[in-house]
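Okay, so here's the structure we're looking at.
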Amino acid sequence: NAGVTQTPKFRILKIGQSMTLQCTQDMNHNYMYWYRQDPGMGLKLIYYSVGAGITDKGEVPNGYNVSRSTTEDFPLRLELAAPSQTSVYFCASSYSGGDQPQHFGDGTRLSIL
Amino acid sequence: GENVEQHPSTLSVQEGDSAVIKCTYSDSASNYFPWYKQELGKGPQLIIDIRSNVGEKKDQRIAVTLNKTAKHFSLHITETQPEDSAVYFCAASMGRPNDYKLSFGAGTTVTVRA
């Protein structure tokens, strides 16, 4: 099993550009999550999904969008990149909600200049 | 909502010594407490977790203790080795299958000196 795979690993964007961060998991997990990690801070939840076709906002959703058309894939979309979105983004998955551990990908390091 | 505080933010230990990281949480309903290790350039990886029906759990050189009355839990690493150098995160959740939210501490950077 590859676990949770994120692409790309690194990206530099200009202000106002758009991009999609890809995330796929092969563990047949129902729950998937997107977090951002800023220096000296914990992980902040952006969006989450409890299954295909169902998504909801986390703590810091502004400026992002998600979709979940399949169990495996959970892409994160940045529509108009802003410098405040410079961060490391992690995708995670779990079989169910808060009673099971989350499995993380290796992250996408995004810089917006 | 749940607030998790983690101390210290950095910890330097001599190889072979023990390391202890402490976390406190605010919501007495929290029931599930995982610990993650994040190596440079990697995502967080679960190293141990504990549920509220036990007070201590061990896995080789790693142990976690939980005090629900005081609302704090701790990670103990014994006989530290260079490969233990990493950032460690504690987290807390309600521990219910349909409750997604996992609240993370800010992390502890552990450096093991050879």
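Residues in the stretch A:68-83 that are touching a Phe, Trp or Tyr at 6+ places or on another chain (Cβ under 9 Å) and not in a loop (DSSP other than H, G, I, E, B) were compared, and the one that is farthest from A:Ile112 (Cα to Cα) is A:Leu76. Scanning the stretch B:96-114 for residues being modelled with pLDDT under 95 and of a type outside the set (Gly, Ala, Ser) gives a total of 8.
Filter the stretch A:30-55 for residues that are under 15 Å from A:Arg68 (Cα atoms), surrounded by 14 or more Cβ atoms within 10 Å (Cβ to Cβ) and small (Gly, Ala, Ser) and give the result. Break it down stepwise before answering.
Taking the stretch A:30-55 as the starting set, the residues that turn out to be under 15 Å from A:Arg68 (Cα atoms) are A:30-34, A:46-55.
Next cut, surrounded by 14 or more Cβ atoms within 10 Å (Cβ to Cβ) only: A:30-34, A:46-50, A:52, A:55.
A:Ser49, A:Ala52, listed by residue number.
Exactly one residue out of B:Lys42, B:Lys57 is within 14 Å of chain A (Cβ to nearest Cβ), without any contact (Cβ under 8 Å) to a residue 40 or more places away in the chain, basic (Lys, Arg) and not in a loop (DSSP other than H, G, I, E, B), and it is B:Lys57.
Listed here are the residues, each with its yes/no results for (1) under 13 Å from the mean Cα position of the chain (by Cα); (2) assigned to a loop (DSSP other than H, G, I, E, B).
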| site | (1), (2) |
| --- | --- |
| A:Ile12 | no, no |
| A:Ile15 | no, yes |
| A:Thr20 | yes, no |
| A:His29 | no, yes |
| A:Met32 | yes, no |
| A:Asp56 | yes, no |
| A:Pro61 | yes, yes |
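If we keep just the residues of the stretch A:4-29 that are buried (at least 18 other Cβ atoms within 10 Å of the Cβ) and over 20 Å from A:Ala81 (Cα atoms), which is nearest to the other protein chains (Cβ to nearest Cβ)? Selected residue: A:Val4.
Filtered by the rule that a residue be in contact with a strand residue (DSSP E or B) (Cβ under 7 Å, 6 or more places away or on another chain) and surrounded by 14 or more Cβ atoms within 10 Å (Cβ to Cβ), the stretch B:65-84 gives B:Thr65, B:Leu66, B:Lys71, B:His72, B:Phe73, B:Ser74, B:Leu75, B:His76, B:Ile77, B:Thr80, B:Asp84.
Within the stretch B:25-74, the set of residues being among the polar types (S, T, N, Q) and closer than 19 Å to B:Thr109 by Cα comprises B:Gln38, B:Gln45, B:Ser74.
Looking across B:Ser30, B:Ser26, B:Ser93, one residue alone is away from every other protein chain (no Cβ under 11 Å), modelled with pLDDT under 95 and either closer than 19 Å to A:Met41 by Cα or buried (at least 21 other Cβ atoms within 10 Å of the Cβ) (or both). It is B:Ser26.
Of A:Asp106, A:Asp73, all but one fail to be away from chain B (no Cβ under 14 Å), in contact with a Ser or Thr (Cβ under 9 Å, 6 or more places away or on another chain) and either in contact (Cβ under 8 Å) with a residue 24 or more places away in the chain or over 24 Å from B:Asp99 (Cβ atoms) (or both); the exception is A:Asp73.
Scanning the stretch B:60-83 for residues that are outside any loop (DSSP other than H, G, I, E, B) and of a type in the set (S, T, N, Q) turns up B:Thr65, B:Asn67, B:Ser74.
Residues in the stretch B:50-64 include none that are crowded, with 20+ Cβ neighbours inside 10 Å, farther than 30 Å from A:Gly51 by Cβ and not hydrophobic (A, V, I, L, M, F, W, C).
Scanning the stretch A:34-54 for residues that are under 17 Å from A:Gly97 (Cα atoms) and in a strand (DSSP E or B) gives A:Trp34, A:Tyr35, A:Leu43, A:Lys44, A:Leu45, A:Ile46, A:Tyr47, A:Tyr48, A:Ser49, A:Val50, A:Gly51, A:Ile54.
Would you point out which residue out of B:Val110, B:Val87 is surrounded by fewer than 22 Cβ atoms within 10 Å (Cβ to Cβ) and away from chain A (no Cβ under 14 Å)? Write out each step before concluding.
On the way: B:Val87 fails: away from chain A (no Cβ under 14 Å).
That would be B:Val110, the only listed residue that is surrounded by fewer than 22 Cβ atoms within 10 Å (Cβ to Cβ) and away from chain A (no Cβ under 14 Å).
The values are calculated or read from the model by the stated rules, or taken from the named source; none is laboratory data. Quick caveat: nothing in here was measured; it's all calculated off a predicted structure. Positions of Cβ are backbone-derived with ideal geometry, glycine not excepted, and every protein chain shown enters the neighbour counts.
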